[in-house]
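Participant: Quick one: this structure, given as structure tokens, is what I'll be asking you about.
The values are calculated or read from the model by the stated rules, or taken from the named source; none is laboratory data. Because the structure is predicted, anything quoted here is derived from the model rather than measured. We place every Cβ from the backbone using ideal geometry, glycine too, and count neighbours over all the protein chains shown. All accessible areas refer to the heavy atoms of the entire protein, side chains included, with ligands and DNA or RNA removed. Shrake-Rupley method; radii C 1.70, N 1.55, O 1.52, S 1.80 Å.
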Amino acid sequence: MTDSILVVGGGVAGLHAAMLCAERGARAIVVERGPVVGGRLAATMIAAGAIGDRAGGVAPPLIDSLAANESVEIITLAELESLEGRPGNFRATVRERARFVTDACTRCALCRAVCPVVLGNEYDAGLTFRKAIYTPLTETLPQAWVIDETNCLNTPPNYLPCNRCVEVCEDDAIHFDMALDTLHERHVGAVVLAPGFRTVDSRRYADLGYGKHPDIVTSAELQRLLESPGPTGGYASKPSDEEYPDSVLLVLDNPSRFALYIVASQARQLLAQDIASVSVLVLSPMAAGSEYADIEKLAGETGVRVRWGTGFRAEPESDDALGVSFEDFAEKRFVKERHDMVVLCSDVEPPEGLPELAGTLGVELSEDGYLANTGTNGAGVSTSKPGIFVAGCAGGPKNVRDSIATAEEAARSALALLDPRLLEGEAAPLPEPEPAAAAPDAVPDDMRLRLEKLLYALLDRADG
């Protein structure tokens, strides 16, 4: 048996699960594919309250507390390569790619000035630019800068035509002679999968006008504008001139429950910034039902105008305003109007590499490509392989509040597979969630976990 839990994915769900496990005396090993932890919410992890009310009153993990917690190990630029064993006794192999920048980095930014490669900053939804050697945000974990090997002019270790960053680094922190890969082995009792989701390529929205004008943005870009710290300090200013818009149109072409939640949430944030006119256009036939509750509630509470239509187009006009046109289903006519900013709601899809990760672990995917949930008590965190749990959006798109809720349940399920005698301290157990109705002939997840734990403990004793 072991006192450790492996968390794959360093977004808010994975980090929340890791911190909960650490608070209960376990060790958490976080494996993150990117150069820093935090995922899409990394910028908000510097101060309590920076995430706003999207977390439902739950404080998400902060960079300072993560860095100070000795029971949380973070391995970035890494992927889970293999997992062997059984619940309570897994052997995980993690492959870490080279950062090419050591902890001696003081973030002085001298290398940024001389690097000739300019790229869009993914952590700012492409609204700002970075270099091939970079830090994506002003505060990150780890703190050291990183070299984007894919786009750097160098291909270490044998092809190094550019030496500019090395020459100006006064900290001697940049080393292209690092080992390209490092393998780590960890003994863990359970695995929590929280690799998140990805936003679809913005170029898919070209037929709706994206790319024709800087003030035609995606909802992912708008959300980054609304966050502080951020490119505009948290204000929804227009990318074209940084002026405040008087009129914003939110356009939704795929009215899934998650997308409707995003539109309603962003409309409320825009209204809170006293934007004079905020309206919503849903590009589908008029409908009603529980999935439209957020939009209906938004319209009722705020007076935001919600319309249904088709044939939408957005074009820049001579005075830098945006001309939009569409067929209004309710009014049965073709509508033309002007707005200062148009927001196209971004679709989301399973994260990159999820099929490969599922294949490595032997867990099933659902028809829509996310990790399949096999839970029987409504918890939504069990996968098809015992001892492996799913948290956050890896099981399907979720808002921040629901992602944190699944992280708590995944942490609880993972801790149940550890021997409590191995855990440090005597922290109180996680509060139990409200019970959900189980299928008549199904074994509840908590009972199944106890039975599995007992079985594998007996097997371990037999092996000994």
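Participant: Could you please state, rounded to a whole Å, how far the C-alpha centre of segment 1-65 is from the C-alpha centre of segment 146-223?
Facilitator: 20
Participant: With point charges of +1 on the Cβ of Lys and Arg and -1 on the Cβ of Asp and Glu, referenced to the Cα centre of segment 301-383, which listed residue (Thr374, Leu357, Phe329) lies farthest in the positive direction of the dipole?
Facilitator: The listed residue farthest towards the positive side: Phe329.
Participant: Could you go through segment 54-61 in sequence order and give the Karplus-derived ³J(HN,Hα) for each residue, using 6.51 cos²θ - 1.76 cosθ + 1.60 with θ = phi - 60°, rounded to whole Hz, and x for Gly and Pro?
Facilitator: Rounded to whole hertz, the list is 5, 8, x, x, 8, 6, x, x.
Participant: In addition: Accessible area per residue of the chain at 1.4 Å probe, in Å²?
Facilitator: The answer is 46 Å² per residue.
Participant: Quick one: divide the alpha-carbon radius of gyration of segment 347-410 by 2.2 N^0.38 Å and tell me what you get.
Facilitator: 1.03
Participant: Expected output is a single nm value to one decimal: the length gained when fully extending between Leu180 and Arg203, i.e. 0.36 nm times separation in residues minus the C-alpha distance. What is it?
Facilitator: 5.0 nm
Participant: If you don't mind, there's one more thing I want to ask. So in the chain, what percent of DSSP beta bridges are antiparallel if you round to the nearest 5?
Facilitator: Counting DSSP beta bridges with both partners in the chain, the antiparallel share is about 55 percent.
Participant: Once R0 is set to 45 Å, what does the formula 1/(1 + (r/R0)^6) return for the Cβ-Cβ distance between Gln143 and Phe334, expressed as a FRET efficiency to the nearest 0.05?
Facilitator: Efficiency computed from Cβ-Cβ geometry: 0.25.
Participant: Given a 1.4 angstrom probe, I'd like the percentage of the accessible area of the chain that is carbon and sulfur, rounded to a whole number.
Facilitator: 50
Participant: What relative contact order, as a whole-number percentage, does segment 85-208 give when Cα pairs under 8 Å and 6 or more residues apart are counted?
Facilitator: 39
Participant: Which residues' amide hydrogens lie under 5 Å from the amide hydrogen of Arg198, considering only partners 5 or more residues apart or on another chain, with H built in the peptide plane?
Facilitator: For Arg198, the qualifying residues are Glu349.
Participant: Could you check the simple spin-label distance between Glu327 and Glu301, using points 7 Å along Cα→Cβ, in nm with one decimal?
Facilitator: Reported label-point gap for Glu327 and Glu301 is 3.4 nm.
Participant: Another question, if that's okay. With a ≥ b ≥ c taken as the square roots of the eigenvalues of the C-alpha gyration tensor of segment 132-245, please select rounded if a/c is under 1.5 and otherwise prolate if a/b is larger than b/c or oblate if it is not?
Facilitator: The shape class here is prolate.
Participant: Also, I was wondering about something else. Only residues of segment 177-207 count here: report those whose backbone N is under 15 Å from the spot 7 Å along Cα→Cβ of Thr93, or say none.
Facilitator: Correct set: 181-187.
Participant: Give me the dipole magnitude in Debye, nearest 20, for the chain about the Cα centre, with unit charges on the beta carbon: positive for Lys and Arg, negative for Asp and Glu.
Facilitator: Here the chain has a charge dipole of around 420 debye.
Participant: Now for a different question. Roughly how many whole Å is it from the C-alpha centroid of segment 383-410 to that of segment 100-125?
Facilitator: Each part's Cα centre sits 33 Å from the other's.
Participant: FRET efficiency for Thr102 and Glu81, Cβ-Cβ distance as r, R0 = 35 Å, nearest 0.05?
Facilitator: Calculated transfer efficiency: 0.90.
Participant: Reachable lysines from Lys238, Cα under 25 Å, same-chain residues fewer than 8 places away excluded?
Facilitator: Lys131, Lys212, Lys336
Participant: By how many degrees, 0 to 90 and rounded to 10, does the Cα axis of helix 293-302 deviate from the longest principal axis of the chain?
Facilitator: Tilt relative to the chain: about 50 degrees.
Participant: Here are labelled values, [x] 21.7; [y] 23.4; [z] 25.2, and one is the computed mean projected area of the Cα convex hull in nm² for what I pasted. Which one?
Facilitator: The listed entry that was calculated here is [z].
Participant: Among Leu127, Thr76, Gly311, which residue has its Cα furthest toward the positive end of the charge dipole of the chain, with +1 on Lys/Arg Cβ and -1 on Asp/Glu Cβ?
Facilitator: Most positive-ward Cα: Gly311.
Participant: I need the peptides 211-223, 112-124 ranked by packing, meaning the mean over residues of other C-beta atoms within 10 angstrom, with the highest value on top.
Facilitator: So the order, starting with the most tightly packed, is 211-223, 112-124.
Participant: Please state the shape class of segment 48-177: rounded when a/c is under 1.5, otherwise prolate if a/b exceeds b/c and oblate if not, all from the C-alpha gyration tensor.
Facilitator: oblate
Participant: OK, next. Excluding Cys169 itself, calculate the net charge of residues whose Cβ lies under 12 Å from the Cβ of Cys169, where each Lys or Arg counts +1 and each Asp or Glu counts -1.
Facilitator: -1
Participant: What number comes out for the charge environment of Ser82, summing +1 per Lys or Arg and -1 per Asp or Glu over other residues with Cβ under 15 Å away?
Facilitator: Spelling it out: positives minus negatives among the neighbours equals -2.
Participant: Suppose only helical runs count, i.e. DSSP H with n ≥ 4. What mean residue ellipticity at 222 nm does that imply for the chain under -39500 (n - 2.57) per run, divided by all residues and rounded to the nearest 500 deg cm²/dmol?
Facilitator: Calculated at 222 nm, the ellipticity per residue is -7000 deg cm²/dmol.
Participant: So, R0 is 41 Å and r is the distance between the beta-carbons of Val117 and Thr374; what FRET efficiency does that work out to, to 0.05?
Facilitator: 0.35
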